[in-house]
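Structure, as structure tokens:
The values are calculated or read from the model by the stated rules, or taken from the named source; none is laboratory data. As the structure is a computational prediction, the values presented were derived from the model and not from experiment. Backbone-built Cβ (ideal geometry, glycine too); neighbour counts: all protein chains shown. The protein model used for the area step is the full one, side chains on, heavy atoms only, and it has no ligands, DNA or RNA in it. Shrake-Rupley method; radii C 1.70, N 1.55, O 1.52, S 1.80 Å.
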Amino acid sequence: MTQNPRLTASLVSRWGDDPWALGSWSLIGRGGSPADRVALGVPVGDRLRIAGEATHPSRAGMTHGAYEQGVGAATWAAEAGHRRVAVVGAGMAGLGAARTLTGYGVRTEVWEARGRIGGRAYGVDLDGFTFDLGANWLQQYDGNALARIAEELSLPVIATDFGDPLVLGSPSAGAPGGLERELRARLERASPQDAIADVVEQWLRDPAPFTADEILRLVDAEIVVDSGAPLSWLSARHGFEPGVGEGDRWIVGSYRLLADHLAERLDVRLERPVRSVRIGEHEVTLVADGFEEAFDAVIVTVPLPVLKQGRIEFEPPLPPPHRTALERLGAGRVEKVVLRFDHRFWPVHPAGYYRVHGPEATCVSEWLDATEADGVPTIVGLFAGPWLDRIWSGSDDDVAARAAEIFQRARACPADQRSQIRAAMSSTDDR
Ligand SMILES: Cc1cc2nc3c(=O)[nH]c(=O)nc-3n(C[C@H](O)[C@H](O)[C@H](O)COP(=O)(O)OP(=O)(O)OC[C@H]3O[C@@H](n4cnc5c(N)ncnc54)[C@H](O)[C@@H]3O)c2cc1C
């Protein structure tokens, strides 16, 4: 008889509630486009520039996009002749900016709100191993600047083939041929004002040769989990941005190894939450709790929702194009759970990647098997979508127990409750 698996340890992320993140990564809402990302990153006069993942037109929502934007903003500040520059935020963008500035010989301080560096690239210890609760993969590996640094450091990485998931809890193993191509074609043909929900609703009225179930399952797997935003808000044309499946490797030992390396010899001031940025004629002043200091220029790399919600006051206010960009962009919520068990009860799949449908429709989660790297039966789950609030309530132990149950019961998923998806998609819960 097979022994019942026992959950022995767990970790749970809380990006949605985290005041220094307020979401997982930036997305383009209906009416928006990558031009809004560019607009947000345009220098404000010659003393302020916003960088960070949200400003990258083609590599947004990824660590290397963030890093590139930090490096670009730093080059702008150095070439403008600034000699003393502040960087707000010590994530990949901020660390990239500060390292580059330091390389130019510019005196640089990083002001970081949290008591740690890394931002949304965040490794947490669990019984002797470190797991990423934020960014996991070095994506677009061949063209990834951080991957080159990881190689220089000889960090061990493991490839994940997202094109070859082991699908659990679903009557079919994957999408029928041509379905994803058709989805992409329909999204491309949509009007700039359309949301993804508009396109899918229209398609479901005449789904042949596919079935409504097949379409909805693909939307769940490809868009809901990769965005975590309401489909009624997400831009049809630009809500499905590139990234996943273009060469993905994860760092054994976590992104912390990279962040620590990037931060070496930098002047990082932790627990300095910037409340206001005052731009004067000859300097720019940062105000944090109990601190106030003037610099030649400032590079702000805080997450998009922090800016969008006005958590930092700009004096004078940001110009209209920047504010319009903030209105059109938003962020979704994707959360992670790391589960350790006393034995590996799930089927071993060479790609190490699992897609779980269930227990109900609209419920899809992605899982990464970390057992080989960790040496202990460990699975890392990624959750998003309308059911997240139900799972992510109560204590971390409650969340972990619910997630573990979902994974364990995946094979018994009834896949006939698709009507709930339409209800969820027409939600007006805009971000
Ligand atoms: C669950 C999850 C999974 C992900 N998976 C991947 C993945 O596999 N691959 C990938 O490439 N990307 C992934 N990402 C996205 C990736 O983590 C981000 O795109 C990237 O880390 C963003 O870097 P950043 O420097 O722009 O922002 P952040 O890393 O958020 O850094 C901004 C910093 O600003 C600080 N800050 C905020 N407000 C203030 C303030 N007022 N004053 C001072 N400091 C402040 C924050 O504390 C933070 O340290 C994932 C993200 C999440 C949440």
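ASN144 sits among other residues whose Cβ lies under 15 Å from its own Cβ, and their net charge, with Lys and Arg +1 and Asp and Glu -1, is -4. Percent of C-alpha pairs per 5 Å bin in region 232-274, short distances first: 5, 14, 11, 13, 15, 11, 19, 11, 2, 0. Cα centroid separation, region 272-310 to region 314-335: 15 Å.
When the accessible area of the chain is computed with all protein chains present and a 1.4 Å probe, what percentage of it is carbon and sulfur? Please list the in-between numbers first.
Numbers: 8490 of 17500 Å².
That fraction is 49 percent.
Extending 7 Å from the Cα toward the beta-carbon at both ASP342 and ASN4 defines two label points whose distance is 1.1 nm.
Beyond 37 Å, how much of the Cα-Cα pair distribution for the chain remains, as a whole percent?
Details: 22537 of 92665 pairs.
In whole percent, the share of Cα-Cα pairs in the chain beyond 37 Å is 24.
Cα-based values for region 177-266, radius of gyration first and Dmax second, are 17.7, 60 Å. Each part reduced to its alpha carbon centroid, region 63-130 and region 189-231 end up 37 Å apart. Computed with a 1.4 Å probe over protein heavy atoms only, the accessible surface of the chain comes to 41 Å² per residue. Candidates PHE383, VAL364, SER395 compared by Cα position along the dipole of region 358-409: farthest toward the positive end lies VAL364, with charges placed on Cβ. Dividing the helix sum by the residues of the chain, where each DSSP H run of 4 or more adds -39500 (n - 2.57), gives a mean residue ellipticity at 222 nm of -8000 deg cm²/dmol.
The per residue volume of the convex hull around the alpha-carbon atoms of region 32-93 is 76 Å³. Shape summary of region 236-353, radius of gyration then Dmax from alpha carbon positions: 20.6, 64 Å.
Computed from Cα positions, the angle between helix 179-189 and the longest principal axis of the chain comes to roughly 40 degrees.
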